[in-house]
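In what follows, a structure is listed as structure tokens, so that the remarks can point back to it.
The values are calculated or read from the model by the stated rules, or taken from the named source; none is laboratory data. Bear in mind the structure is a predicted one, so any value in this text is a computation, not a measurement. Cβ coordinates were reconstructed from backbone atoms using ideal geometry, including for glycine residues, and neighbour counts include every protein chain displayed.
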Amino acid sequence: MPRRTAKPELVHTADIPWQSLRSRELEECLYWLLHSMGARDLEWREGSDTGQSPDSGRDLTAVFFATSPDSDMHAQRWWVEAKGRKNTVEPAVVKATVNSVTAHGEVDVLVIATNSAFSNPTRDWLRMWQAQHPRPLVKLWDKNSLEKLVSEHPDVCFRLFSKALTTQGKLEVSAHRFRNHCLYVDSMLLTLYWNERHNLHWTDWALMAMLASEFASGNPENRNWTALIQSGDLARLYRFGLGSLLYFCLRAEDIGSASQPYTDAVCHLMLSVLRSMSVAEVKKHNSMALKDSRVRQFVMATLLRIVAGNLAKHCAEDCKRITRSDSHQLGERNYWSRFDGQRKEKTKDPYAGAILIIEKKDEPCKVGFLLDSKSACPLNIQNEVDDDFLNVAKAVLKART
């Protein structure tokens with residue numbers, strides 16, 4: 001999976017209809033831009049761009065928190081005025097807006113934004129005014145400024161100008177929405193990213209979004225994302241995914257989103273790295289991702305029980321020793337192709353419910369474990385599972401993939 005050093009283009013700014021952004025459309029663009037920049041207490045005072053605004057020259061208000069040199073956080077109150085124009089903003093309009101704000105001592109920053117431009121005399125006047133009035137700080141955002149800001153915050157385009165987003169820009173937005181809002185990627189975008197995968201810059205969150213979204217869609221065998229990642233990068237991605245597991249699950253619970261697809265993706269990554277690494281190396285990565293031993297023990301016990309259940313279910317599909325009611329009927333005979341990239345047809349699941357497991361003690365193990373009439377299949381976990389189960393999982397993967 002290529003990781004480019006040059007910053008990729010996220011937005012085709014020429015495809016944004018700047019000339020048609022007047023009044024409400026420009027205010028909406030500014031609202032989502034401020035939201036993406038991290039504004040708090042954001043308020044859109046709709047209908048104020050009339051020339052006779054009763055709210056003293058502000059279309060939007062927001063609060064940003066800035067850090068002082070001694071690391072203290074302090075709030076900055078912003079007022080933002082939108083000036084949608086076909087031509088250059090009139091100097092008198094800028095002067096009137098600036099002068100009206102000086103009567104409000106609580107304003108720290110005034111932004112006058114336009115879809116067009118400000119004249120040089122206007123900028124010269126503002127410099128002289130600012131020299132005599134250090135507060136509020138006045139910013140002029142013209143079309144060029146807005147293009148730069150929107151390019152840095154492509155989620156604004158995702159909401160308002162989706163056609164202006166490049167595929168890389170869409171991927172950045174998908175990763176952002178996945179990380180911050182636990183939103184999974186839909187099948188149409190998954191197909192787009194897969195087709196363009198060799199031309200995109202991939203971050204860890206973007207890759208985790210792809211893997212988890214495949215599980216969320218119910219078709220993790222459709223695209224073998226892990227097959228595109230080099231061994232060293234795969235181990236690093238597993239460490240990242242494992243280390244971010246609790247963050248994602250807690251955030252998903254708070255938002256009300258499902259976290260199981262993310263957990264399934266981490267389990268899949270665990271088995272993927274286990275195919276090419278020793279058990280000792282995988283345990284080392286576990287320790288690096290989860291440094292607290294108690295947290296690590298809890299998380300790994302949960303993940304390994306999921307892994308054991310998946311391996312047991314699918315390993316029993318053609319095993320004479322083990323018969324499970326949830327194996328042959330599921331029709332997920334392409335489970336092992338998740339690791340080798342070979343796709344097979346998937347049939348519909350006609351059954352659901354309780355699981356019946358029958359073990360014929362006189363039959364040999366399909367994988368090759370030395371089992372007799374007194375021993376049981378090591379995949380059928382009855383008690384708590386620990387890291388030593390990785391040895392069992394590795395043996396199953398070696399025999400099956």
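Of everything in region 249-269, what is more than 18 Å from VAL307 (Cβ to Cβ) and in a helix (DSSP H, G or I)? Give them in sequence order. LEU250, ARG251, ALA252, GLU253, ASP254, ILE255 - these are the residues of region 249-269 that are more than 18 Å from VAL307 (Cβ to Cβ) and in a helix (DSSP H, G or I). Here LEU271 clears all of (1) within 20 Å of MET300 (Cα to Cα); (2) buried (at least 22 other Cβ atoms within 10 Å of the Cβ); (3) at pLDDT 95 or above except the condition numbered (3). So, in region 373-401, of the ones that are of a type in the set (Val, Ile, Thr) and not in a helix (DSSP H, G or I), which residue ends up nearest to ARG296 (Cα to Cα)? Once the filter is applied, the top-ranked residue is VAL385. Being buried (at least 20 other Cβ atoms within 10 Å of the Cβ) and within 21 Å of ASN144 (Cα to Cα): is that true of VAL109 here? No. Within region 62-85, being modelled with pLDDT of 90 or more, of a type outside the set (Val, Ile, Thr) and either surrounded by 14 or more Cβ atoms within 10 Å (Cβ to Cβ) or not in a strand (DSSP E or B) (or both) holds for ALA62, PHE64, GLN76, ARG77, TRP78, TRP79, GLU81, ALA82, LYS83, GLY84, ARG85. Applying the criterion of being modelled with pLDDT of 90 or more and hydroxyl-bearing (Ser, Thr, Tyr) to the residues of region 152-168, the residue that is farthest from GLU28 (Cα to Cα) is THR167.
Against the condition in the same structural domain as LEU189 (by TED's automatic domain parsing), closer than 20 Å to LEU397 by Cα and part of a loop (DSSP other than H, G, I, E, B), how does GLU221 come out, does it pass? For GLU221, the condition - in the same structural domain as LEU189 (by TED's automatic domain parsing), closer than 20 Å to LEU397 by Cα and part of a loop (DSSP other than H, G, I, E, B) - is met.
I'd like to know if region 169-187 contains one or more residues that are in contact with a strand residue (DSSP E or B) (Cβ under 6 Å, 6 or more places away or on another chain) and either in the same structural domain as PRO154 (by TED's automatic domain parsing) or at pLDDT below 95 (or both). Within region 169-187 (the criterion being in contact with a strand residue (DSSP E or B) (Cβ under 6 Å, 6 or more places away or on another chain) and either in the same structural domain as PRO154 (by TED's automatic domain parsing) or at pLDDT below 95 (or both)), the answer is yes, since at least one residue qualifies. Filter region 133-186 down to the residues that are under 19 Å from the mean Cα position of the chain (by Cα), closer than 19 Å to ALA82 by Cβ and among the polar types (S, T, N, Q) and list them by number. Scanning region 133-186 gives no hits. From the list ALA96, ALA117, the lone residue that is without any contact (Cβ under 8 Å) to a residue 40 or more places away in the chain and surrounded by 15 or more Cβ atoms within 10 Å (Cβ to Cβ) is ALA117. Counted as qualifying within region 274-370 are no helices (runs of 4 or more DSSP H), as none has 2 or more residues that are in the same structural domain as SER231 (by TED's automatic domain parsing), under 31 Å from the mean Cα position of the chain (by Cα) and modelled with pLDDT under 80.
The single condition among (1) more than 27 Å from HIS285 (Cα to Cα); (2) assigned to a helix (DSSP H, G or I) that ALA209 does not meet is (1).
Restricting the first member to region 362-384 and to residues that are in contact (Cβ under 8 Å) with a residue 24 or more places away in the chain and small (Gly, Ala, Ser), and the second to residues that are in a loop (DSSP other than H, G, I, E, B) and surrounded by 17 or more Cβ atoms within 10 Å (Cβ to Cβ), no beta-carbon pair is closer than 8 Å while six or more apart or on different chains. Here is the figure for region 372-401: residues that are at pLDDT below 80 and more than 40 Å from the chain's Cα centre (by Cα) total 3.
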